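Here's the structure, in structure tokens; my notes come after.
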Amino acid sequence: MTFSRIFVLLLLGTRTVFAQWQPAPWPVLKHYDPHHLYNIALPLGGIGTGTVSLGGRGELRDWEIMNKPAKGFSTVTVGNNAPFFAINVLPAGGKPMTKALIGPLDPAEYLHYEGRPVNQHGFPRFSEASFDAAYPFGQVHLSDAKMPVKVTVKGFNPFVPGNADASGIPIAVLAYEVTNTSKEPLTVSVCGSMRNFVGKDGSQSHKDWKGDVVPTGAKKNTNVYKTGAGFQGIYLFSDGVSRQDPAWGTIALTTNSPAGVSYRTSSRSNDWENAMLDFWDDFSADGQLTEKAKLVDDDPLASLAVQKTIAPGQTQTYTFFITWNFPNRQAWSSFSSKAGQDAIGNYYSTQYADAWDVMTKTLPRLPVLEQKTLQFVKAFLSSSYPDVIKEAALFNLATLRSQTVFRIPSGHMMGWEGVFDEFGSCFGSCTHVWNYEQATAFLFADLSQSMRDIEFNYATNPEGKMSFRVMLPLSKAQEWKNVAADGQMGTILKFYRDWQLSGNPEFLRKNWEQVKKVMSYAWIQGGWDGNQDGVMEGRQHNTMDVDYFGPNPQMGFWYLGALKATSEMATAMKDPVLAQKCADLYRKGSAWMDHNLFNGEYYEHKITDPKTFAFLNWEGNPDVPVPDYQLGKGCLVDQLVGQMMAHMLGLGYLAKPEHIQKSLQSIMKYNYLDNFSDHFNNMRSYVLGDESGLLMASWPKGRLKVPFPYFAESMTGFEYTAAVGMLYEGQTDNALKCLKSIRDRFDGRKRNPFNEPECGHHYARSMTSWNAILAWSGFLYSGVTETMTFTAKPGTYFWSNGSAWGTCTIRSEGAENRVSLAVLDGKIRLRQFALQGGGKQVFKQRQEVTEGKPLAFTIK
């Protein structure tokens with residue numbers, strides 16, 4: 001294999017084949033020095049499976065594998081009992097040295113009332129650490145002047161666009177590359193230890209004698225050593241925890257090393273922390289573990305070690321795998337309910353019987369899975385996108401691996417808005433949040449289409465009213481009775497997008513009646529556009545969590561985009577009446593918004609009386625009070641979100657281009673702050689001190705007394721929306737300035753580069769960062785017309801349509817443009833290829849471009 005080395009050893013007698021996979025060299029996009037490690041936590045796990053994170057100093061943190069978030073160390077096991085890896089180094093004739101494979105403590109971690117401020121607080125650590133990342137690959141570099149070795153800790157998970165199952169494996173792959181920096185051979189052991197915390201997810205707790213809240217739940221758990229097909233290790237399970245509990249399941253700590261393996265499935269009792277003392281003494285003596293007699297314990301300690309001899313200057317790799325299976329996911333509201341109530345389950349648990357089965361099925365595929373993941377990341381990194389765009393787009397894909405996302409047994413993808421430390425944040429695959437991001441659709445078409453299936457076929461009632469939060473199980477999907485104007489219009493655009501990217505006529509035919517209902521709901525009497533003039537005047541619930549009254553750009557542009565998309569879909573479905581109606585409403589609404597909402601600098605909100613929908617003279621008529629929580633004459637950061645979406649889908653301008661461009665300039669002029677030190681914010685602060693960013697809203701013409709709640713905040717998903725709009729309008733310097741402001745805040749020290757929060761960690765809207773890839777490249781693909789479009793700017797561009805992906809290289813040679821289109825996975829069909837403003841190539845015969853068969857041509 002080009003990307004992995006496989007050594008096969010046939011063990012006579014057992015005939016066990018050990019595939020000693022070792023990681024290939026990994027690329028690096030971002031380096032974090034020793035001063036920017038404190039908050040790094042790179043999630044390792046599959047889409048919809050939960051994760052454990054690799055910390056910036058090599059620690060394993062945030063064990064979120066039990067169907068719920070678990071930030072910090074308030075769940076699982078804590079202190080010196082928390083899971084960790086350690087190294088034992090034995091020089092020939094010298095004294096053994098043992099350290100945890102973790103970098104130094106941060107000064108912020110020293111204070112604690114009992115001297116236990118952080119996990120592994122009592123262990124010797126390496127004195128130097130740094131971190132390299134190109135998601136999903138993370139590498140921690142450890143060294144210490146007192147140690148004759150240096151270590152690179154490598155963690156990753158398969159991530160293959162277009163293959164949700166390959167990207168949805170409940171596994172954390174860890175490799176410890178140990179280099180002998182001395183002049184003599186060394187005997188080196190690497191050991192992973194973890195207590196069997198099955199059942200202990202933090203939901204149940206009690207206060208100990210010190211008053212600390214201590215998680216409970218584990219009950220007479222069991223560890224057993226097993227040998228599998230090419231691997232061996234410890235299987236952690238429980239017969240004492242209820243099999244219906246969300247925290248019931250299995251874990252496996254394994255290695256594919258064929259020799260030098262020792263283990264312990266237990267330790268002595270942990271009175272006065274003696275279990276860890278007993279382990280440390282055993283491992284420190286010679287790097288080999290001695291199995292202990294079985295101890296009746298709720299959460300017995302499991303330890304697995306691999307020992308090798310390393311010659312001077314040589315590097316040896318120690319590979320370990322953590323796999324899991326926790327099948328009992330509960331419905332949205334049931335995190336704290338009784339076991340078994342509203343159980344819905346996990347898709348991944350239908351693919352694997354238990355944690356051991358995960359390893360059995362994954363190890364033989366691991367070299368190929370690593371190769372495909374590397375192929376994706378290398379193609380992405382070799383593209384001509386600015387580094388800040390690469391970082392923002394790539395690193396936020398971690399959101400898909402977080403507890404924000406899960407898949408129910410049917411395979412449908414569900415999403416919280418984000419997650420709090422121990423609970424999900426804002427349930428229901430909220431349409432007005434998930435509208436913004438494009439990463440899911442352009443990387444995993446099947447997952448995106450599964451969300452459309454839920455929105456249109458489960459969450460929509462016979463009148464076309466779509467619940468903007470979906471209840472679970474799906475039989476209860478419509479029990480959430482509220483509807484959101486921006487959410488509902490956005491789903492129409494997302495449906496149009498998924499249809500275009502797939503080119504599947506059956507997808508449209510099957511769902512067309514529901515799409516028509518959802519669109520027509522805007523025209524019901526007393527509704528958003530009850531008078532059917534192309535303008536939303538009615539009560540409009542929206543992503544600001546309030547109701548806007550009256551025409552405004554945020555809902556208005558979503559509506560115009562939905563009208564334009566529906567017109568095209570109606571034409572495809574041979575419904576000329578609906579197509580013409582939507583086209584007429586679009587034209588009327590667009591002209592009205594330009595004439596009435598554009599104030600010369602940006603689009604504003606004309607407030608109406610909530611009772612009569614009559615326009616208020618809100619600029620000073622004391623007889624008609626202005627309702628609270630409106631936008632009014634404010635300059636809104638995402639006033640053009642619908643226009644951003646229209647550009648990404650090739651629907652063109654929704655209003656006068658010069659007005660769109662001026663509005664984006666005004667957002668930069670009025671909403672961007674170089675320094676937040678003097679900014680007053682009565683709500684949440686996602687930007688602080690001397691940091692920079694875009695405000696949610698500004699009021700250059702005078703602020704309302706009580707604006708919408710989040711007006712003084714800054715949130716990355718909205719900032720990305722404005723920045724992407726700027727890219728589409730050629731306002732590149734301003735766009736990159738906004739993007740840099742965001743990513744500078746997530747520098748590893750202050751915040752986690754793989755976790756952009758809004759209302760919760762790993763907020764779904766943060767994946768709007770992927771939209772910058774589409775804007776910079778100008779990439780458009782329609783499987784319906786089988787056409788592809790790119791910018792005419794020379795360069796190499798990664799592209800993906802959800803089921804296929806690859807690169808496109810454009811070279812300018814005089815009056816000609818040479819194009820090389822490569823598919824690295826999947827296939828696409830092409831009848832036409834166009835460069836924006838640079839001509840097109842119409843193929844005489846439809847081209848099917850597949851992996852390994854690039855298409856090269858010249859556009860004059």
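The values are calculated or read from the model by the stated rules, or taken from the named source; none is laboratory data. From a predicted model like this one, the values you see are computed outputs, not experimental measurements. Positions of Cβ are generated from backbone atoms using ideal geometry, with glycine treated the same way; all protein chains shown enter the neighbour counts.
Couple of notes before you dig in:
- For the condition within 16 Å of residue 397 (Cα to Cα) and in a strand (DSSP E or B), residue 138 qualifies.
- Options 765, 818: the member that is among the charged types (D, E, K, R), touching a Ser or Thr at 6+ places or on another chain (Cβ under 8 Å), over 15 Å from residue 442 (Cβ atoms) and not in a strand (DSSP E or B): 765
- Some residue of region 828-843 being in contact with a Leu (Cβ under 6 Å, 6 or more places away or on another chain), among the hydrophobic types (A, V, I, L, M, F, W, C) and closer than 26 Å to residue 377 by Cα: no
- The residues of region 342-389 that are small (Gly, Ala, Ser) and free of Cβ contacts under 8 Å to residues at least 60 places away in the same chain amount to a single one, 353.
- Just one residue in the set 452, 509, 539 is closer than 30 Å to residue 611 by Cβ and surrounded by fewer than 23 Cβ atoms within 10 Å (Cβ to Cβ); that residue is 539.
- Across region 591-615, the number of residues qualifying as closer than 26 Å to residue 669 by Cβ, hydrophobic (A, V, I, L, M, F, W, C) and not in a helix (DSSP H, G or I) comes to 3.
One line per residue, one yes/no per condition, for (1) in the same structural domain as residue 35 (by TED's automatic domain parsing); (2) touching a residue at least 40 places away in the same chain (Cβ under 8 Å); (3) in a strand (DSSP E or B); (4) closer than 22 Å to residue 403 by Cα:
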| position | (1), (2), (3), (4) |
| --- | --- |
| 67 | yes, yes, no, yes |
| 132 | yes, yes, yes, no |
| 145 | yes, no, no, no |
| 161 | yes, yes, no, yes |
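- Residues considered: 402, 349. Of these, the only one that is touching a Gly at 6+ places or on another chain (Cβ under 9 Å) and not assigned by TED's automatic domain parsing to the domain that holds residue 195 is 402.
- Residue 574 passes every criterion in (1) outside any helix (DSSP H, G or I); (2) at pLDDT 95 or above; (3) among the charged types (D, E, K, R); (4) crowded, with 18+ Cβ neighbours inside 10 Å apart from (4).
- Residue within region 548-563 that is buried (at least 18 other Cβ atoms within 10 Å of the Cβ) and modelled with pLDDT under 95 present: no
- Single unsatisfied condition, residue 804 versus (1) within 23 Å of residue 373 (Cβ to Cβ); (2) surrounded by fewer than 23 Cβ atoms within 10 Å (Cβ to Cβ); (3) among the aliphatic types (A, V, I, L, M): (2)
- Residue match in region 698-712 (condition: touching a helix residue (DSSP H, G or I) at 6+ places or on another chain (Cβ under 6 Å), of a type in the set (A, V, I, L, M, F, W, C) and either in the same structural domain as residue 396 (by TED's automatic domain parsing) or modelled with pLDDT of 95 or more (or both)): no
- Some residue of region 446-457 being over 20 Å from residue 501 (Cα atoms) and among the basic types (Lys, Arg): no
- Residue that is surrounded by the fewest Cβ atoms within 10 Å (Cβ to Cβ), among those in region 199-238 that are modelled with pLDDT under 95 and of a type in the set (A, V, I, L, M): 213
- Residues that are under 22 Å from residue 63 (Cα atoms), surrounded by fewer than 16 Cβ atoms within 10 Å (Cβ to Cβ) and among the aliphatic types (A, V, I, L, M) within region 101-129 comprise 105, 108, listed in sequence order.
- Lone qualifier among 649, 640, 694, 673 - being hydrophobic (A, V, I, L, M, F, W, C), under 27 Å from residue 762 (Cβ atoms), in contact with a helix residue (DSSP H, G or I) (Cβ under 6 Å, 6 or more places away or on another chain) and surrounded by fewer than 24 Cβ atoms within 10 Å (Cβ to Cβ): 649
Table: residues versus (1) among the hydrophobic types (A, V, I, L, M, F, W, C); (2) assigned to a helix (DSSP H, G or I).
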| site | (1), (2) |
| --- | --- |
| 700 | no, no |
| 712 | yes, no |
| 726 | yes, yes |
| 735 | yes, yes |
| 739 | yes, yes |
| 750 | no, no |
| 753 | no, no |
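- Note on region 1-53: residues that are surrounded by fewer than 19 Cβ atoms within 10 Å (Cβ to Cβ), assigned to a strand (DSSP E or B) and at pLDDT 95 or above amount to 1.
- Test result for residue 366, outside the structural domain of residue 477 (by TED's automatic domain parsing) and out of contact with any Lys or Arg (no Cβ under 8 Å at 6 or more places or on another chain): yes
- Filter result (basic (Lys, Arg) and either closer than 22 Å to residue 422 by Cα or not assigned by TED's automatic domain parsing to the domain that holds residue 130 (or both)) within region 31-65: 61
- Region 456-476 - residue that is of a type outside the set (Val, Ile, Thr) and under 16 Å from residue 406 (Cα atoms) and, of those, surrounded by the fewest Cβ atoms within 10 Å (Cβ to Cβ): 473
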